[in-house]
Amino acid sequence: MTQFSTDNSYHPDVCVLGGGIVGLSVAIGLQRNGLDVTVLDESDTALRASRGNFGLVWVQGKGDTLAEYANVSRLSAKLWPQLARRLLTTTGINVQLEQKGGLYLCLSEQELKARQLMLQKMQSNADGDYPFEVLDLQQLREFIPEAGPDVAGATLGPEDGHLNPLLLLRAMTECFLNKGGTINNRGKVTKVTPNQNGFTVFTKNDQYQTAKVVLAAGLGNKELAPQVGLSAPLSPNRGQVLICERVTPFLHYPTGHVRQTNEGTIQLGDSKEDVGFDTGTTTQVIAKIAKRASQMFPILKDIRLIRAWGALRIMTPDGYPLYQASTEHQGAYLVTCHSGVTLGALHEGPIADWIAQDHSELPLEAFNAKRFAL
Amino acid sequence: MQNALPFNRLETNTSEWVTVFIEDQAVKVRQGDSVAAAVLIAGLTPTRTTPMSSSGRAPYCLMGVCYECLLTIDGKENTQACMTLVHEGMKVNKQHQARQLGQSETFKDEQV
Amino acid sequence: MNIPCYDLVIIGAGPAGMTAASTASEYGLKVAILDEQATLGGQIYRSLSQPTLVNESILGPDYYQGRALISKIQKTKFDYLSSCTVWGVSSDLIVNFSCQQKGRQIKAKKLLIATGAQERPAPFPGWTLPGVMTCGSAQILLKSSGITPSGPLVIAGSGPLLLLIAAQLNRAGVEIKAILDTTPKGRYIAALPYLPKALKNLPILLKGMSLIAEIKQSDIPIYKQVSDLKAANSSQEKVDIVTFKQGNKATSIPCETLLIHQGVVPNVQLSRALQLDHHWHELQHCWHPTLDQWGQTSNPDIFICGDAGGIAGAKAAAYMGELSALKVVQTLKNLSSEKLKNLASTTVKKLNKESAIRPFLDALYRPDKYFLTPSDETLVCRCEEVSAKQIRDMVALGCKGPNQTKAFSRAGMGPCQGRLCGLTVANIIANERKVPVNHVGYYQVRSPIKPITISELTDLTE
């Protein structure tokens, strides 16, 4: 419980700016370290990448040009079952984590070949310690009998999986509150001012005096970072997602473009557009997504699309995360990525520990913003 | 099949009458009836069970807003009955929870 | 793909849409109507181009008066795309729709949304039971099929449609066991300040009074100031009893069908998906798209007329259709604003007179909070089976508005896309947070506004 003190401001140990999956993962990890945490979260209509994502806990192909990213993704996947268990015991909510492997379907031989080469290169860079398999259509049909005749094949990532991202957000929120955390739901941060005791964080109606701040506000980090001596060159990248009606279970493995949720609804996606802050949908893109899905699984052609939305990924120039502690203003930390679900366990675990204890075994220099300076 | 008191047909102007099959029973309905009207006049209830709790539901608004009247019509599941007009020989069945995907499209035994 | 282009595309073929088409066509514009129904008329004049019932006294003269409008439109030159379901409109006004299970598109220079109203969702314990239906649905059955609900029938709710359907069903010989008027105490007093203005539309007031007299004469038991309405089942899974209170007195009435009504609200699904400006209308207690006197929205190429812009009734809808069409004509044909004023002046006067009764009716039939903020056990989201208690729990968890609540509870994620739960969820959140409803907001609606199949979507990739 954060005390309200006589100087008219709140005094938590840490202020986490941003109440999405990234912010909440870090927040509950900080609580695990014995800290009193307040999360400052924007309103009901915030951009909320956490509400728009696909739910994949995905490893294969990540970090093909940065080995450290491949490694932390794999580490996070390994830590996930522990976090899922902790959320279940604390809140009773099962986030439906399943890690039996994931498939990336390719609609042409060239695509499949290119992907195979990329994964082989990652494997050799890791001295052979990088598991994957290349399947032709017949082999793929042993996993998913409904794969259509246009599919050339797929790559199987045995460490891949998925979960329910909305239940995850809810479970993290409840876990955080159960452990005594405070969430300010009208907490869009207007200003962060470093001072001798740490930082003063201002929202519209409140003020917080704290020793540590964690910038986990997604695209909002861009504006906040310079106030604490950091840099967050972020831009939005839109992915349009389609949700179709519930069908009886048939897709028992998540794929890169089509996933069946625990409720039975079918999720289609994976588009990339630079359209600024537009979370709308466009006919061309959703038609393309639909076409690709029906080529991959012809069985889907008569099912109905019920809703669609545009979600904004938080993209750095190279697509890799930013994990950085401010040297100019000690106590400020930047945590930003576009794979908040996959990296959720990393954020709750080693990243939260890094922020709480100020040291880490993680190769954090690789995730520093200095890599963008020429 | 009739397990509710059927709705009642008043005297109507001349029209074609067609036979539809509701849960395999032949029912005579009027050209221009929606399938929702047809199941009400046949006394079918409930017309679907919900995916979540298998609760019984039946047509509610009849104007395409509520999606309660989802039925399997000519083999197509989850079809809005109030927005579909009857035709001769149409097959109408209850919608049991979530939609089943067509079994015809598994390629398990197909040689690639 | 060659997309046909029209000067004016109208969505909806009720009085607003039909009048707009007829007016615009008169001035030589190329017009198309997209109608999800198979024949002209919208809801109010449904099936009127080929009326179903032999006995015309059942539905009454107001319905058949629409014949004149239908005849007029049938002689008008325009493209009538019937049985076409619009699911989205792009920013360059390409209208996406599906027709006979095929995905199609047409382009509009100007778009007119005349999609009318829907019944206000009126949740109460047992409202999802088979056999509980809206009063509007009973009218649709009468008009399109000549069918009446099975008795014993109970009609419950508040609003002009309640009286109308009771009278119509009574004329049709249906055994109406009771009319339960849920209009709470004090509404007549609350509506009194609006009565002088309402007198400008004396014909409608008199119509209302004659309906009331007709029902009184019928000997159908009328229960007033009904509270605690509940539908229940004892044996099979359909309604067979309705219970309610009047003050402390509890009553239960066995019934085979229960018709309910709590007024109508604009269908804002498309206007929301288009991200047009909306504002909260306190008296009608719902959201309205923000329109100028011509029905122009915050997008100058998009107009809304009829009940889709705010509840005003069939006659007013026709006047508004004409005014929107005149504005479009003025814009596309480069007429002066003076000319537009002249062309419109008679209709503007008629519209004002017709609308004068609205505030009185709105005040009189304001929905009771029993239906706006239902009891814990009531299902609020019918599609995903989310109860009022679960919504309240979400607010306790910190959800400040319907979007976060939707993400956490699944309310609003079903096929109806929030049409039957959006207003209730917002009302509950507002009530729990002790803020006005308009501070809470509404679901972020996105296209597709109607479910379409993957193959219909794929049709659009050429």
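Here are some conditions: (1) of a type in the set (Ser, Thr, Tyr); (2) closer than 22 Å to C:Trp127 by Cβ; (3) surrounded by 17 or more Cβ atoms within 10 Å (Cβ to Cβ). C:Ser234 meets all but one. Which one does it not meet? So C:Ser234 meets the others, but not (3).
Is there a residue in the range A:47-59 that is surrounded by fewer than 18 Cβ atoms within 10 Å (Cβ to Cβ) and in contact (Cβ under 8 Å) with a residue 40 or more places away in the chain? Scanning the range A:47-59 turns up no residue that is surrounded by fewer than 18 Cβ atoms within 10 Å (Cβ to Cβ) and in contact (Cβ under 8 Å) with a residue 40 or more places away in the chain. Quick one: is A:Ala325 surrounded by 22 or more Cβ atoms within 10 Å (Cβ to Cβ), of a type in the set (A, V, I, L, M) and modelled with pLDDT of 95 or more? No. For the range C:152-174, the condition holds for at least one residue, the condition being that it is surrounded by fewer than 18 Cβ atoms within 10 Å (Cβ to Cβ) and among the charged types (D, E, K, R).
Looking across the range C:12-68, the residues that are on the phi > 0 side of the Ramachandran plot and either more than 18 Å from the chain's Cα centre (by Cα) or not in a loop (DSSP other than H, G, I, E, B) (or both) come down to C:Gly28, C:Gly60.
Just one of A:Val258, A:Val275 is more than 10 Å from chain C (Cβ to nearest Cβ) and within 30 Å of B:Pro51 (Cα to Cα); which is it? Let's see the steps before the verdict.
On the way: A:Val275 fails: within 30 Å of B:Pro51 (Cα to Cα).
Exactly one of A:Val258, A:Val275 is more than 10 Å from chain C (Cβ to nearest Cβ) and within 30 Å of B:Pro51 (Cα to Cα), namely A:Val258.
Take the residues of the range A:350-374 that are under 19 Å from A:Asp318 (Cβ atoms) and free of Cβ contacts under 8 Å to residues at least 12 places away in the same chain: which is surrounded by the fewest Cβ atoms within 10 Å (Cβ to Cβ)? The selected residue is A:Leu374.
Could you count how many residues in the range C:70-105 are touching a residue at least 24 places away in the same chain (Cβ under 8 Å), over 27 Å from B:Thr84 (Cβ atoms) and in a helix (DSSP H, G or I)?
Start the filter on the range C:70-105 by keeping residues that are touching a residue at least 24 places away in the same chain (Cβ under 8 Å), which leaves C:70, C:72-74, C:76-89, C:93-98, C:101-105.
Checking the rest, the ones that are also over 27 Å from B:Thr84 (Cβ atoms) come to C:72, C:76-77, C:93.
Then keep just the ones that are in a helix (DSSP H, G or I); that gives C:72.
The total comes to 1.
Within the group C:Ser25, C:Ser57, which residue is touching a Lys or Arg at 6+ places or on another chain (Cβ under 8 Å), touching a residue at least 12 places away in the same chain (Cβ under 8 Å) and farther than 27 Å from C:Leu270 by Cα?
Details: C:Ser25 fails: farther than 27 Å from C:Leu270 by Cα.
Just one listed residue meets the conditions, C:Ser57.
A count restricted to the range B:25-57 and to residues that are in a loop (DSSP other than H, G, I, E, B) and free of Cβ contacts under 8 Å to residues at least 24 places away in the same chain stands at 3. Among residues of the range A:80-102 being in a loop (DSSP other than H, G, I, E, B) and not charged (D, E, K, R), the one that is surrounded by the fewest Cβ atoms within 10 Å (Cβ to Cβ) is A:Gly92. Screening B:Thr50, B:Thr72 for residues that are of a type in the set (Ser, Thr, Tyr), buried (at least 19 other Cβ atoms within 10 Å of the Cβ) and more than 8 Å from every other protein chain (Cβ to nearest Cβ) leaves exactly one candidate, B:Thr72.
For A:Lys212, the test of being surrounded by 22 or more Cβ atoms within 10 Å (Cβ to Cβ) and basic (Lys, Arg) is passed.
In the range C:344-366, which residue that is basic (Lys, Arg) and modelled with pLDDT of 95 or more is nearest to C:Gly306 (Cα to Cα)?
C:Lys350
Condition test on A:Arg371, is it among the basic types (Lys, Arg) and over 18 Å from the mean Cα position of the chain (by Cα)? Considered against the rule, which asks whether it is among the basic types (Lys, Arg) and over 18 Å from the mean Cα position of the chain (by Cα), A:Arg371 comes out as yes. So for the range A:100-111 (the condition being without any contact (Cβ under 8 Å) to a residue 24 or more places away in the chain, in contact with a Phe, Trp or Tyr (Cβ under 7 Å, 6 or more places away or on another chain) and of a type outside the set (Ser, Thr, Tyr)), does at least one residue qualify? There is no residue in the range A:100-111 that is without any contact (Cβ under 8 Å) to a residue 24 or more places away in the chain, in contact with a Phe, Trp or Tyr (Cβ under 7 Å, 6 or more places away or on another chain) and of a type outside the set (Ser, Thr, Tyr). Determine, yes or no, whether C:Pro130 is surrounded by fewer than 24 Cβ atoms within 10 Å (Cβ to Cβ) and either within 12 Å of chain B (Cβ to nearest Cβ) or at pLDDT 95 or above (or both). Taking the combined requirement at face value, the residue does not satisfy it. Taking the condition of a type outside the set (A, V, I, L, M), in contact with a strand residue (DSSP E or B) (Cβ under 9 Å, 6 or more places away or on another chain) and crowded, with 22+ Cβ neighbours inside 10 Å, does A:Gly269 pass? In short, yes. Of the residues making up the range C:357-387, those that are within 14 Å of chain A (Cβ to nearest Cβ) and outside any loop (DSSP other than H, G, I, E, B) are C:Cys381, C:Val386.
Being at pLDDT 95 or above and in a helix (DSSP H, G or I): is that true of C:Gln390 here? In short, yes. The residues listed here are A:Gly34, A:Gly63; of these, the one that is within 16 Å of the chain's Cα centre (by Cα) and either farther than 22 Å from C:Phe408 by Cα or among the charged types (D, E, K, R) (or both) is A:Gly63.
Given the options C:Ile260, C:Ile241, name the one that is in contact with a Gly (Cβ under 8 Å, 6 or more places away or on another chain) and surrounded by 14 or more Cβ atoms within 10 Å (Cβ to Cβ). Talk me through it step by step, then tell me what you get.
Numbers: C:Ile241 fails: in contact with a Gly (Cβ under 8 Å, 6 or more places away or on another chain).
Answer to the check: C:Ile260.
The C-beta contact set for the range C:135-155 (first residue within 7 Å of chain B (Cβ to nearest Cβ), second residue among the acidic types (Asp, Glu), distance under 7 angstrom, 6+ apart or interchain) comprises C:Gly136/C:Glu119; C:Ser145/B:Asp33; C:Ser150/C:Glu256. You will find that of A:Ala332, A:Ala311, the residue that is out of contact with any Pro (no Cβ under 9 Å at 6 or more places or on another chain) and buried (at least 19 other Cβ atoms within 10 Å of the Cβ) is A:Ala311 and no other.
If you check C:Gln225 against the conditions, is it outside the structural domain of C:Gln43 (by TED's automatic domain parsing) and in contact with a Lys or Arg (Cβ under 9 Å, 6 or more places away or on another chain)? Don't jump to the end; show me each part of the working.
Working: outside the structural domain of C:Gln43 (by TED's automatic domain parsing): yes; in contact with a Lys or Arg (Cβ under 9 Å, 6 or more places away or on another chain): yes.
Answer is yes for this residue.
In the range A:240-261, the residues that are in contact (Cβ under 8 Å) with a residue 60 or more places away in the chain form Cβ pairs under 7 Å with partners that are part of a strand (DSSP E or B) and among the aromatic types (Phe, Trp, Tyr), at six or more places apart or across chains, as follows: A:Val241/A:Trp309; A:Thr255/A:Tyr104; A:Gly256/A:Tyr104. Residues that are within 9 Å of the chain's Cα centre (by Cα), of a type outside the set (Lys, Arg) and under 16 Å from C:Gly131 (Cβ atoms) do not occur anywhere in the range B:86-94.
To keep it simple, each residue is scored yes or no on (1) within 12 Å of another protein chain (Cβ to nearest Cβ); (2) part of a loop (DSSP other than H, G, I, E, B); (3) under 24 Å from A:Gly101 (Cα atoms).
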{"position": "A:Gly148", "(1), (2), (3)": "yes, yes, yes"}
{"position": "A:Leu168", "(1), (2), (3)": "yes, no, yes"}
{"position": "A:Phe176", "(1), (2), (3)": "yes, no, no"}
{"position": "A:Gly180", "(1), (2), (3)": "no, yes, no"}
{"position": "A:Ile183", "(1), (2), (3)": "yes, no, no"}
{"position": "A:Lys191", "(1), (2), (3)": "no, no, no"}
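The values are calculated or read from the model by the stated rules, or taken from the named source; none is laboratory data. The shown structure was predicted, so the numbers you read here are calculated from the model rather than taken from an experiment. Because the Cβ atoms are built from the backbone with ideal geometry, glycine has one as well, and the counts that use them run over all protein chains shown.
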